Structures are given as C-alpha cells and as structure tokens.
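Report on one structure; see the data block that follows.
Computed from the coordinates by the stated procedures, all read-outs in this text should not be read as laboratory data. The structure presented is a predicted model; accordingly, all values stated were derived computationally and were not measured. Cβ sites come from the backbone with ideal geometry, for glycine too, and all protein chains shown count toward neighbours.
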Amino acid sequence: MRYLIIGASSGLGRELANKFAKENNNLVLISRDERDLNAIKSDLEIKYNVNVNILSLDFSSLEEVNKKLLSQNNIIENLDGIIFPVGMMFSEDNLNLDTDRMNKLVNANFISIVHTIQKVKKFLLKKNNACIIGFGSVSGYLGRGINTTYAGAKRALESYFESLAFDRELRNINIQFYTLGYLETNLSFGKDLKLPKASVRKLSERVYNNKNLKFEKKYYPSFWQLIYLIIKIIPFSILRKFNSE
C-alpha cells in the first residue's frame, strides 16, 4: 500500500506517517520544509524498512500544487489513499486580514485540498479500499473575531467532505473526516487552554484503524461533539455576547 500525506511535518502529520509506516505502508510525504521531510524520511526508512518519497511545496499556492504534485503522474497514479493533516494559521487572522494572506489561508485549508481530491480521485477509484481522510477544527463551530478565515475555511472543508459521501462516483472510496479539538502539539505547548489536550498518537491510531470504513465523521476528543450539540441550541445573540468578551 502507498499513501500520500500532505502536511507531514506537522505534529499530527508526523504521527500519521509513523503509524502508517509502522504498518508496512510506503509513503509520499509533502510539506514546505525539505529539511524536516528528509529527517522524517530517514527515520521511517531505517525503523520500518519502507519506501518513503518526499516532496517539498507550499500547499497555499495552487501554482505549486499543480506544478510539483498534480503534474507528477508517477506520484499520484499509484496511491491507495490521501490524507490531509495540513493547515495554515496566522496570528493576525481577523476581519481586517489583508487579501494576500486571506487567499493563502483559504487555499491551504480548503481550495488546495478540494483541488487535489478532484485530480486524484480518478486514480483512487481504480483501487480497492482507497481512502480520503480530512481534518477540520472545532474553531469552525461559530463565527469568530480571531482565526476568522481559518475557521471559515475549515467549516467549508467539513461541508465538502460530507458532500463527498453523497457522490455516487466515489461510493467505493472510504471517506473520513475528523473535527479536532486541542491536540498535544507544539502549537498548543505552554498555552493555558480551558479544556484538555488530546494525544496525537492515539488519534493517528484511530485514523489508521478507521481508514477502511465507508464514511465516518468523528470528533476528537469525542466530548467536543457534546459541546457542539450544546452550542447549536444556544441562541446566537447569547453566543455572540460571550464570543466578544
């Protein structure tokens, strides 16, 4: 088996690469930082005796995605699955974010993912039990004054993955989507968060074990589903008041 992991140098991406390699799968790893990719490649090939190919590109640039990834048939023709632990955030992401960085956020968190799936799905349809796995964020529950564009893109991505499950053409491809809360990564290190952080290692194991299910939309950690249900029944006027304080 051969899987493409986009965003492989993130905390979750590394854990997913480790888990899939541990289970004797070959990998194609994509990230912006070539040095990180080389280190991950060497580690996985030594530990698990699998074949790991790497490709450095900026996923917020559709031009790079087309030129470096989607034009390379030797990469995309023989895949058994594609996994998207990819994302981009800016600390200044608010309602006044400039257009250039807004486009980068929308591309990295939504458009480039959709575009890649559209181009690769015809190859996945030729495989048995191929999978497409995406990741959203609980930040997309509600409009926000911070991480505004990021949250909107993640909400759109969740809707798109739900739509994939209704696509008759894709009925033989396994689709999973995980809406994520706080994870134990370098992005959350040292932050005073109101709710506990979850293990990326356990998440990677769950993703691997679920990859052959036809359609799954999960919250991780699972208590976020209850929080979401509570948010849905609270009047928006009240939520807006709390969100602005």
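Run the numbers on the chain and let me know its relative contact order in percent, using alpha-carbon pairs under 8 Å that are six or more apart. Let's see the in-between values first.
Values: 417 pairs, mean separation 43.5, N = 245.
Reported as a whole number, the value is 18 percent.
Run the helix sum for the chain: -39,500 (n - 2.57) per DSSP H stretch of 4+ residues, divided by residue count, reported at 222 nm to the nearest 500 deg cm²/dmol.
-12500 deg cm²/dmol
Order the peptides 198-205, 146-153 from the highest to the lowest mean number of other Cβ atoms within 10 Å of their residues. Could you put the intermediate results ahead of the total?
Working: 198-205: 18.0, 146-153: 20.8.
So the order, starting with the most tightly packed, is 146-153, 198-205.
Which loop trypsin sites (Lys or Arg not before Pro) in the range 54-127, with loop taken from DSSP, have no more than 15 other Cβ atoms within 10 angstrom of their Cβ? It would help to have the intermediate numbers written out before the result.
Values: sites: LYS67, LYS68, ARG101, LYS104, LYS119, LYS121, LYS122, LYS126, LYS127; in loops: LYS126, LYS127.
The qualifying sites are LYS126.
Any chance you could get the radius of gyration and Dmax over the Cα atoms of the range 47-87, in Å?
Answer for the range 47-87, Rg first and Dmax second: 11.8, 35 Å.
State the answer as a single residue: which of TYR182, SER60, ALA130 lies farthest towards the positive end of the charge dipole of the chain, with beta carbon charges of +1 for Lys and Arg and -1 for Asp and Glu, about the Cα centre.
ALA130
In whole Å, how far is the Cα centre of the range 62-139 from that of the range 214-230?
23
Taking a cut-off of 18 Å between Cα atoms, list the lysines near LYS22, but don't count ones fewer than 8 places away on the same chain.
LYS41, LYS47, LYS202, LYS211
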